[in-house]
Structures are given as C-alpha cells and as structure tokens.
1. Could you pull out the residue among Leu265, Leu272, Leu234 that is crowded, with 16+ Cβ neighbours inside 10 Å, over 25 Å from His362 (Cβ atoms) and in contact with a helix residue (DSSP H, G or I) (Cβ under 7 Å, 6 or more places away or on another chain)?
2. Quickly run through the stretch 356-377 and pick out the residues that are of a type in the set (Ser, Thr, Tyr), over 18 Å from Gly208 (Cα atoms) and open to solvent by less than 60 Å² (accessible area, probe 1.4 Å).
3. Can you find, within the stretch 219-231, the residue that is farthest from Pro118 (Cα to Cα) among those that are more than 16 Å from the ligand (Cβ to nearest atom) and in a loop (DSSP other than H, G, I, E, B)?
4. Need the failing condition index for Leu234 against (1) assigned to a loop (DSSP other than H, G, I, E, B); (2) in contact with a Lys or Arg (Cβ under 7 Å, 6 or more places away or on another chain); (3) away from the ligand (no atom under 15 Å from the Cβ), just the number.
5. Scanning the stretch 303-334 for residues that are within 16 Å of the ligand (Cβ to nearest atom) and among the acidic types (Asp, Glu), which turns out most open to solvent (accessible area, probe 1.4 Å)?
6. Among the residues of the stretch 357-391, write down those that are in contact with an Asp or Glu (Cβ under 9 Å, 6 or more places away or on another chain), in contact (Cβ under 8 Å) with a residue 24 or more places away in the chain and within 16 Å of the ligand (Cβ to nearest atom).
7. Go through the stretch 101-200 and tell me which helices (runs of 4 or more DSSP H), entirely inside it, have 2 or more residues that are open to solvent by less than 30 Å² (accessible area, probe 1.4 Å).
8. Can you list residue pairs whose Cβ atoms sit under 7 Å apart, with the first residue in the stretch 267-282 being at negative phi and the second being among the basic types (Lys, Arg) and within 12 Å of the ligand (Cβ to nearest atom)? Count only pairs 6 or more apart in sequence or on different chains.
Amino acid sequence: MPSAPLILVLNAGSSSLKLAAFSGDRLVLRAGVERTNQTPDQRRLWIVDPEGQTIEHGPVPTIDSSSLLQAVIDTLVTLCPGQRITAVGHRVVHGGDRFTAPVRVTPEVLVELESLTPLAPLHQPHNVGEIRTALRILPDVPQVACFDTAFHATMPWQERMLGLPRKYYQQGVKRYGFHGLSYESIASRLPAIDPRAAVGRTVVCHLGSGASLCAMSGGKSIATTMSFTPLDGLLMSTRAGAIDAGVILHLLRNEQLSPDQIEHLLDRESGLLGVSGISSDLRDLLASPAPEAAEAVDLFCYRVVRDIGAMTAALGGLDAIVFTAGIGENSPDVRERVCIQLAWLGIEFDSAANLAGSVTLHSQHSRVSVLRIQTDEEAVIARQTANALVD
Ligand code: ADP
C-alpha cells in the first residue's frame, strides 16, 4: 500500500516558530524554536514525537527558520523512510480582502501577501519570510498559504464596518479579525466535545501572547475583538489592545512621537509588559509580589470579562465559553478569575475540575458550559493544505 503523503506545516507566531509534519491526518512530529525575550545562547530548538517524547533538543544560533526546517527534514528522512514531502502549508496572518480561502503560493501571491505587511507588522514579515525559506529549501514542493483572517469571512457587515466615511471601507479599511485557524480548530472539535456548544452561541477565548475572542453561532464567526489589525481588542502580552484613536493623535502632536515609535509603543511596549513594567509573560506576573504585576493580571482578566459581555450581546445569549491557547489552556488562575466575574451569566464553575485541567470546567447544573480545549492550528493548516491541492 502506498504511504500517505507528508505535509509540513510552518506556523510563525509573534513569539515562537512552530513546525509540524503530518502523514495524511496522522501527526508525525512537532518542532519549534522560541523566538523572543531570549539571547541566542538561550534559544532552544526542539523536535518531539506525537506523544511529546523528545527526538532532538539543542541550542540554535539563529532564529532563521531554515535551520529548523532543515533539522525537521533530516529527522523525517529517518522517521518516515521513503515518504516524500508533497506540500508545505503556512500560517499567514493577514489575507486582506482577496484571500478568504487557502491559496497555492505563486510569485504573484507572494507579492500580494508582502503588500499586506503594514496591516500585521508583527507577523506578516515572519510568515512571508518562512514561505521564501521553504521555497528555497524545497523548490519543487507546492506551498499553500492558510489565513488567520479567513474564518471571519462569515461576519455580518455591522461587525466589519468601522464608523469612517464609506470610501475607506471600499479601500479595505475594515474589521477583518484574526486567530481564525485556532477558531477553526476549536469549531471542528466542538461537535464531539459539547454538541450544544457546537450548534449554539459560544465565545471562544484565544488567550496567548496575542489574545482575542470570537463569538460563534453554530460554529461560524459572527463577531471578534481584533479588527483591522491584530492590535485591537483585549490587552495582550505586549500589545495595548483597543485604544481611543485620540490617544494616537495626542502622542503624535503633544509627545512628538513618530508613526514608527507609536507602532513600537502599541505593539511591543504595552499590554501586560507596559502595565506591569515587569514582564510580558503571565507566569512571571502571577509569581511576582509587585502590586503592578497583580494590577496587570487584573486588567487582563477584566478586559476578557468585559469583551465576553460584548460577544454575548452580539450572540443574543450564551451557551458556552471555551478557553484555548497558551494562557487559556495553561492558566487555571485566569480561567477562574474570568468565570467567577461572569457568574451572573449563569456559569457555575467547577474549581476542582479547573485545577485538574479537565476539558469540562462547569458543574452539572451550570446554564453555560465552560470548556478548556487545546487548539491545534497546525492540524487545521495541514487539512486546508491537502484540500487546497485537491481543489
Ligand atoms: P503565541 O501567541 O506566541 O502563539 P502562546 O499561545 O504560545 O503564544 O501563549 C504564550 C503565552 O502563554 C505566554 O506569554 C505565557 O504568558 C502563557 N503561558 C504559557 N504557559 C502558562 C502557564 N502555565 N500559566 C500561565 N500562563 C502561561
């Protein structure tokens, strides 16, 4: 029997680079390198098998993805002898107006993706860079771009439109939404975990370095907190989230900051880092005795609570809340704080299940389900890549 084709997946986040290999639907390995807040001698490349057992772990001198990609290709030769890599799927943060479905990468597509960099300056350059690297190392293998914006193509016009003169909407200045690959991963798992949440009104909280909420009705996005760029919405690790546009005018006029300086301030110096003045990592803040650290965590949770209220209003009620991504999956503290503040919505929270890291975090008579589900953006990209090559 011929073996299933191998698909490589590259997922460049704002603070990490992850890679996975799938043989058909079966995960073969995961690999990654941590990108930020680390000096080169602290950076570690890791490759693990599907059970999480280490295959390789060691220092990497650069954050260039080519060393990671090459290491993974070398490992695959041993793990899957005789199997050919048939496609590489890439997470691309911004698809703009044109890309609302996965697309095979051509030189023309690549130029268009690059032109979207101003809309996602933290991510898009990494995404496009990774496509170029993969094209260099595997020139004959088809590459597919899968978009974080695409899942939100189902949002109604009220959710897309900013209150600006209409001509800007026509120029593409509108609310797009992000983290779509993660939301698709959750939507695809909901029917098996909680059928009522799958067909009902569910708010998914993707809380990682970047953080956003998605209001899903029957598994489709109808509202989200990020908008024109991934800067909007919740407080994040280093991003300010939603901010009065008047603040930007103030910084331009009265503080004489340049647009680049303002971008740096809002993208990299704000959020948990800016408010605490200590760290962008929630783990450091939870461990810190400093009052500023506690305030930053409180503000993070408050903004989640506040925006779950807005998502609930957009949905006309609430059947389920899902926590996912680095913070959502791993911080019982944040999940508990958020759910306790939302008790009025009919949430009966099960603290013991929360501490145990269960999937179901609500008690039996809770009107609203609370779930903790691991997101798997890489599996979604692999599926979309395989489908794009068949279409
Ligand atoms: P990215 O957006 O880069 O993909 P992740 O989804 O990997 O980010 O989330 C990274 C964040 O998750 C880190 O900033 C860290 O604050 C948080 N995190 C990871 N593990 C824990 C934990 N055990 N407790 C609290 N926060 C955690």
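1. Among Leu265, Leu272, Leu234, only Leu272 is crowded, with 16+ Cβ neighbours inside 10 Å, over 25 Å from His362 (Cβ atoms) and in contact with a helix residue (DSSP H, G or I) (Cβ under 7 Å, 6 or more places away or on another chain).
2. Ser358, Ser363, Ser366, Ser369
3. Gly219
4. (3)
5. Applying the filter and picking the extreme gives Asp333.
6. Gly357, Leu361, Arg372, Ile373, Gln374, Thr375, Glu377, Ala379, Val380
7. Once the helices (runs of 4 or more DSSP H) in the stretch 101-200 are filtered for at least 2 residues that are open to solvent by less than 30 Å² (accessible area, probe 1.4 Å), what remains is 107-115, 124-137, 180-193, 195-199.
8. Asp267/Arg239; Ser270/Arg239
The values are calculated or read from the model by the stated rules, or taken from the named source; none is laboratory data. Keep in mind that this is a model prediction, so the values were computed, not measured. Positions of Cβ are generated from backbone atoms using ideal geometry, with glycine treated the same way; all protein chains shown enter the neighbour counts. The area values use the complete protein model at the heavy-atom level, side chains included, leaving out ligands, DNA and RNA. Shrake-Rupley method; radii C 1.70, N 1.55, O 1.52, S 1.80 Å.
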